[in-house]
Every structure is written in structure tokens, then in C-alpha cells.
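Below you'll find the structure, written out as C-alpha cells, and then a few comments.
The values are calculated or read from the model by the stated rules, or taken from the named source; none is laboratory data. Everything quoted here is computed from the prediction, not taken from an experiment. Using ideal geometry, Cβ is built from the backbone for each residue, glycine included, and neighbour counts are taken over all protein chains shown. What goes into the accessible areas is simple: the full protein's heavy atoms, side chains included, and nothing from ligands, DNA or RNA. Shrake-Rupley method; radii C 1.70, N 1.55, O 1.52, S 1.80 Å.
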Amino acid sequence: MGLGVKPGDDFYTYANGAWLKANPVPAKETRWGSFNELRDFNIKAVQSILNEAAANKNTKAGSVEKRVGDFYAAAMDSAAIDKLGYSPIKADLERIKTITDVNGILNEVAYLRTSGAGAPMFGFYVGQDRKNVENMVPQLSQGGTTLPDRDYYLKDDARSTKIQEAYKNYVTTLFTLTGVDNATAQKNAETIFNLEKKMAAAQMARVEMRDPYKTYNKFAVADFSKTTPNMDWKMLLSKMKVTGQDTVLVNSPKFFTELNGLLTSTPVTDWQTYLQWNVLKSAAPYLSADFANANFAYTQALTGQKVQTPRWQRMSQLTDGTIGELLGQLYVAKHFKPEAKARMDEMIANLIKAYEIRIKGLDWMSAETKEKALAKLHAFRPKVGYPNKWETYDGLTISRDAFFQNVRNAGEWGYTKMVNQLGKPVDRERWGMTPPTVNAYYNPVMNEIVFPAGILQFPFFDPNADDAVNYGGIGAVIGHEISHGFDDSGSQYDKDGTLRNWWTAEDLTKFKAKAAALAAQYDAYTVLDTIHVNGKLTLGENIGDLGGLSAAYEAFKMTKQGKSNKKIDGFTPDQRFFLAWAQVWRANTLPETAAQLILTDSHSPGQYRTIGAPVNMDAWYKAFNVKPGDKLYKKPEDRIRIW
Ligand SMILES: [Zn+2]
């Protein structure tokens with residue numbers, strides 16, 4: 001802690017000062033905090049499972065251990081991977097060279113996608129129709145770019161131009177590594193940057209993308225084709241293995257009309273270069289060391305990371321990201337205890353109860369809307385630890401000596417699995433995160449809150465810690481995920497997950513005013529020099545924190561410790577509750593990474609998550625005796641209470 005400062009002046013330093021000083025960002029990382037410490041612990045646990053599985057040659061063919069072990073062993077065989085150079089993608093690059101017209105370009109776009117070799121031009125996925133949630137529908141979205149946000153193409157300040165240069169260098173390097181001469185490779189980089197810049201200009205900004213109505217545009221396939229005459233979607237979708245579908249959902253129709261224009265205004269040779277680039281960039285992390293190193297040099301410019309993450313760590317993460325529900329079975333057998341699940345179930349029930357009390361007590365909401373909010377609250381489905389039904393990856397071929405092909409096979413398998421959901425009932429047992437993941441999520445169309453085994457550990461959760469610590473940690477995380485169902489975006493979905501208004505007009509106006517006040521509070525937080533938090537981009541997360549911490553506090557006060565005044569280590573139960581919250585969010589972040597996250601991350605930086613919610617809670621003022629004149633002090637009438 002940093003007991004030398006007053007909690008009311010700088011609660012973040014008060015709770016974390018000594019830790020922050022003693023824990024600089026390690027050279028192989030971009031930030032270092034509680035999340036990272038637990039992630040580090042988990043990835044080492046995963047590595048030891050993978051090492052064991054890879055070393056055991058006696059596992060049965062087709063068994064979980066065998067498939068996981070083979071994938072990892074192949075991924076770690078850097079000598080074999082280096083020997084191959086770029087030969088695994090040679091055929092793709094050659095084929096693209098033979099394209100002669102726009103049709104050929106579009107055929108290739110479909111082929112790359114279905115074969116797991118790349119995702120050029122636009123985004124595509126199959127998911128629930130949010131106005132008709134029992135239906136799985138094809139969904140098209142803006143895309144086609146490489147840099148993490150459209151702003152990187154469109155801005156010309158020093159930070160952005162430096163990254164643009166690093167990006168062009170990256171493109172140049174990858175082309176030269178495939179035998180292209182330097183002058184041509186540089187020209188290719190300019191071509192790609194300029195083409196992607198046009199796509200970036202056609203994209204909606206992230207804040208706009210938060211509006212679930214604006215991004216809901218349903219088209220009959222034939223009608224959508226009329227808006228993009230150069231793209232016959234009936235044909236294109238069938239090439240993308242999408243059959244029997246007469247409608248599509250489009251998040252940004254304007255993007256597709258612009259793309260349609262670009263298709264013919266851009267020379268076919270430029271599109272060839274662009275498609276080759278898509279193959280190259282998708283493959284680079286899985287090719288020989290010179291490709292992987294070029295990829296890291298680019299990452300470095302974006303994030304400031306000093307040295308490359310060790311291969312074992314990258315490949316452990318890749319195994320988790322590729323066959324995570326095979327690996328996850330081995331992970332939970334070792335690292336997840338039934339007691340943890342029982343305790344989580346109990347805490348979730350307590351949080352739901354606390355939330356119910358809070359909704360009933362809201363002074364700004366009518367009885368009519370409260371009834372709907374309560375119905376939604378009681379319809380939440382929690383998932384804890386790992387799936388009831390594991391993904392089996394049937395039909396996915398994994399070989400011990402073909403790393404690149406394994407990655408491609410997994411990409412193709414995943415794509416096929418995705419499109420095969422069309423026309424079938426929604427699979428409600430599916431998980432969007434793997435068991436070792438240190439995170440949690442709310443999914444509005446399923447109205448579910450999901451907590452993977454990975455996050456159910458210290459410092460979020462510790463069965464041996466006192467309630468203050470668990471409620472300030474995982475309790476607030478549970479409350480946060482519940483609150484996503486009631487944030488600026490999630491609150492537009494009803495108890496069945498359908499995008500349908502359940503608010504009275506008057507209540508909605510009041511909610512929006514409160515949300516705007518919270519956005520203004522976060523807008524005022526600066527990260528480095530002129531860069532400040534984007535209150536609108538982070539609004540959902542900030543409502544999540546405020547609602548979540550408030551509900552967790554309410555639930556904590558129902559426990560025996562919450563009702564007592566017994567100090568531990570000199571701190572009262574309430575103090576320990578808020579300190580646990582603050583210590584979950586402690587982190588050191590490299591400045592380059594901080595600058596990137598402000599543009600791309602919908603979460604506020606940890607230092608502001610620490611104080612953003614407590615400064616609106618009377619209990620925090622009482623716990624730390626925060627008074628007028630203290631830097632973080634807000635007058636009682638200015639404190640924002642939403643949920
Ligand atoms: Zn969240």
C-alpha cells in the first residue's frame with residue numbers, strides 16, 4: 001500500500017503505492033497488474049499440462065491428451081518450422097498472382113475465409129439475430145484493416161505517424177521475406193496502407209458501434225446485392241459455405257457501399273497485393289523466426305513491449321485459443337475445485353438478491369420499468385468454471401509434425417463449425433471463453449453471465465479469505481457482469497435477450513441523463529499528456545463498475561463480517577472491501593500501450609476503475625473519512641447512482 005497519501009486524495013496510490021513501485025512492467029509484457037499476475041500463473045499451469053501431454057508418447061490415439069500434446073509439440077518444434085521458411089503459404093501467394101478480375105478477387109476472399117487463411121475486406125460471423133434470438137443468422141460487418149483502430153489511418157499526429165511508418169516497415173519486411181525485391185515491397189506497403197486507409201475512412205467509429213439499433217440492418221440477400229452491385233451476395237455467400245439463407249444482418253451498410261466502389265476503382269493488381277498481404281499477416285506468427293520477429297517489431301511499435309514473449313508462452317496461448325476446450329478439460333481437472341463452484345453459486349445468488357433490493361429501492365425509476373428490470377435480473381443464467389458440454393473438435397486433424405497445417409485446419413474447422421450453426425437451434429451451452437481465461441463476460445442475446453475457472457482464484461477469489469476481500473474482488477466482478485445487462489447497451493435487451501425496449505420514455509430519459517453524467521466524470525481523467533479517457537466508449541464498463549461495486553457492497557453488508565466492525569490488520573470490514581477492489585485494478589502500463597488502449601479498449605485504465613465507482617458511493621466516504629477539500633471529494637448531490 002501507500003499509506004503516506006490520504007485515501008481521499010489518491011485512493012489508488014493509498015491502496016497500491018508500494019506494489020506499483022515494486023512491480024515494473026516485465027520486459028516481455030505490456031502491462032503488469034493483478035490480472036497479469038494471475039494470467040502468468042495460469043499460463044505456467046497450462047504450460048506444465050502441455051509439457052506433460054507432449055512428453056507422454058503412450059497416450060491413446062484420439063484422446064484429449066494426445067491431441068493437445070501433439071498440437072503443442074508441433075508448435076514448439078521451431079527447428080522444423082524455421083526450415084520451412086514461407087513454403088506453407090507459397091501456393092496461396094502464387095494462386096493470388098493469377099487473378100485477373102474483380103470476380104476472381106471476390107472468389108479468393110471467400111476461399112481465404114473458408115480455409116482459415118485470412119479474413120480480408122470485411123467481417124463475417126454467424127450469430128443470434130438480436131431481434132429474434134432463436135435464429136442463427138449470417139452477419140456482415142465492417143473490416144478489412146490491420147491497425148487496431150481507424151484513427152491510426154486517419155490521424156497525422158506524431159504518435160500515429162510513427163505507428164504508420166512501423167506498419168509500412170512490417171509490410172515491406174514480410175514481402176521481402178517472400179523474395180520480393182525491396183523497391184516493390186515498399187511500393188506494396190504504400191498500396192496496402194492507402195487501400196486500408198480508404199476502408200478505415202468508411203468505417204463507423206467505435207462509439208457509434210455501441211448502438212445496437214444503428215448496427216442492426218436486416219436485408220434480403222437480393223436487396224443487399226442491389227446496394228453493392230459489384231458484389232453478388234447470393235453467389236458470394238454460397239462460396240462462403242452459407243446456404244439456404246435469404247437474409248443477412250449488416251452492421252454498417254455504408255461500409256459495404258464504399259467497399260463496392262473501391263472494388264472497381266482500385267486496380268486488380270492492388271487487390272492482389274492486398275490479398276497476399278492478408279495471407280502473409282495471418283500466417284506470420286506461425287512461420288519461421290524471421291516472420292515472427294518482424295511481427296514482433298511491429299507489435300513493439302504499437303505497445304512498447306521490450307522483448308518478445310517466449311515461444312512457450314505464445315504457443316501455450318495459441319493452444320488455448322485454438323483447442324481450448326480440449327486443453328480446458330485437463331486444466332479444470334487440476335486447477336478447479338468443486339468447492340469453488342459451490343461458493344461462487346452462493347455469491348452469485350447473493351449478488352442477484354442485492355441487485356433486487358437495489359432495483360426495488362431506486363428513487364428515479366417507475367414501478368412499471370422496475371418490474372421489467374426485475375424480470376430480466378431473475379432471468380440471468382450464470383455459467384461457472386467450464387462448459388457442461390465440452391466441444392469435441394470432431395473432424396479436426398492435428399498432427400505432431402505439421403504445425404502450420406494444424407493452425408490452418410483449426411481455422412477451417414472453426415469456420416465450418418460456425419456456418420453449420422445456420423438453420424439449427426441456438427446452442428445455449430456454448431462458451432465464449434476458455435476455462436483458463438482470467439476474465440468474465442455478459443452476453444446480452446443469451447442474457448447470461450459467464451465466469452471461467454481461470455478468474456476464480458486470488459486476488460479475485462480466495463475461499464480462505466474474509467468476505468470483504470471476496471466481495472470486493474469477485475463479488476464486484478459478478479456485480480459488474482450483471483450490470484452489463486443494465487448498461488447503456490445491455491439495457492436495450494429484454495429478459496429473453498431480444499433487442500426490444502422495455503423502458504417507459506420518462507425512465508429512459510432519466511437513465512440517459514445519469515449515464516451522461518458518468519461519461520463526463522470519466523472524460524475528465526487523463527492518461528498521458530493530452531490523452532484522456534473516452535467517457536462514451538467506456539460507458540458500459542463504467543456503469544458495470546458502479547452498479548457492480550454498489551451491489552457487491554450491498555451483498556457484503558448481508559454477511560456476518562459486513563455487519564461487524566471487527567478490524568483485521570488495522571482495517572475495518574468496509575475498508576477491506578474497498579481495498580480489495582482497488583488492489584484488483586492495480587497495474588503498471590507502458591505508455592505506448594496506454595495510448596493504444598484509450599482508442600481501442602472499452603474498459604477504463606485500472607487507476608480510474610479503482611476510483612471511478614467509489615467516489616460515487618457514500619460508504620467509501622464513510623470508510624475512509626473522506627472530507628470536503630480532499631482531491632477525490634464529490635458533494636453528496638453530485639454523486640451518481642444508477643443501479
Ligand atoms: Zn465488463
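The figures follow:
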read-out	value
0 to 90° range, to nearest 10: angle between helix 11-22 axis and the chain longest Cα axis	50 degrees
Overall Cα dimensions of the stretch 226-314, principal axis frame, Å, largest first	50, 31, 23
Percent accessible area from carbon and sulfur atoms, the stretch 249-299, protein chains only, probe 1.4 Å	56 percent
Dipole magnitude (debye, nearest 20) for the stretch 335-442, charges at Cβ of Lys, Arg, Asp, Glu	120 debye
With Cα atoms, 0 to 90° folded angle of helix 182-202 axis to the chain main axis	50 degrees
The stretch 1-154: C-alpha gyration tensor shape, a/c 1.5 cut-off, then a/b vs b/c	oblate
Calculated FRET value between ALA379 and LYS337, using beta carbons and R₀ = 25 Å, to 0.05	0.30
Relative contact order, percent, the chain [alpha-carbon distance under 8 Å, six or more residues apart]	20 percent
Peptides ranked, highest mean first, by Cβ atoms within 10 Å: ranges 286-294, 2-10, 622-630, 475-483	475-483, 286-294, 2-10, 622-630
Förster-model FRET efficiency, 35 Å R0, ARG639 and LEU508, C-beta, rounded to 0.05	0.95
Kirkwood hydrodynamic radius over Cα pairs of the stretch 153-275, then Stokes diffusion coefficient at 25 °C and 0.890 mPa s, in µm²/s	147 µm²/s
Solvent-accessible area, 1.4 Å probe, carbon plus sulfur percent, for the stretch 396-437	51 percent
Extension reserve of the VAL5-ALA91 stretch, reckoned as 0.36 nm per residue once the Cα distance is removed	24.7 nm
Accessible surface, the stretch 179-328, averaged per residue in Å² (probe 1.4 Å)	40 Å²
Crossing angle, helix 505-523 versus the chain [Cα axis fit, 0-90 degrees, rounded to tens]	80 degrees
√(5λ) per eigenvalue of the Cα gyration tensor, the stretch 459-564, largest first, Å	27, 21, 12
Separation of the SER564 and ASN464 label points, Cα + 7 Å toward Cβ, nm	1.9 nm
Isotropic mean projected area of the C-alpha convex hull, the stretch 75-139 (nm²)	7.0 nm²
THR172 accessible area, assembled protein chains, probe 1.4 Å, Å²	20 Å²
Unit charges at the beta carbon, dipole of the stretch 427-518: most positive-side option, GLN457, SER491, ASN470	SER491
Principal axis dimensions, the stretch 538-604 - Cα atoms, whole angstrom, descending	44, 25, 9
Distant alpha-carbon pairs in the chain (separation over 36 angstrom), percent	42 percent
Amide H partners (placed H, <5 Å) of GLY127, local residues excluded	VAL137, GLN139
Segment ASP157-ALA18, extension gain: residue separation times 0.36 nm, minus the distance between their alpha carbons	46.5 nm
Under-5 Å amide H pairs with ASN217, H placed in peptide plane, nonlocal only	VAL250
Fraction of accessible area attributable to carbon and sulfur, the stretch 1-159 (%, probe 1.4 Å)	51 percent
Cut-off 19 Å, label 7 Å out along Cα→Cβ of ASP523, residues of the stretch 532-572 by amide N	532-544
Student exercise, the stretch 576-642 dipole from Lys, Arg, Asp, Glu Cβ charges, in Debye to nearest 20	320 debye
Signed unit charges on C-beta, dipole axis of the chain, positive-most listed residue PRO338, VAL626, LEU590	PRO338
Modelled FRET efficiency - R0 60 Å, ASN501 with LYS83, Cβ distances, 0.05 increments	0.50
For the stretch 22-97: rounded, prolate or oblate by the Cα gyration tensor [a/c cutoff 1.5]	oblate
Dipole of the stretch 375-427 [Lys/Arg +1, Asp/Glu -1 at C-beta], most positive-end residue of GLY385, GLN405, GLY395	GLY385
Reference-scaled alpha-carbon Rg (2.2 N^0.38 Å with N residues) for the stretch 406-522	1.37
Cα centroid separation - the stretch 511-569 against the stretch 608-643, whole Å	10 Å
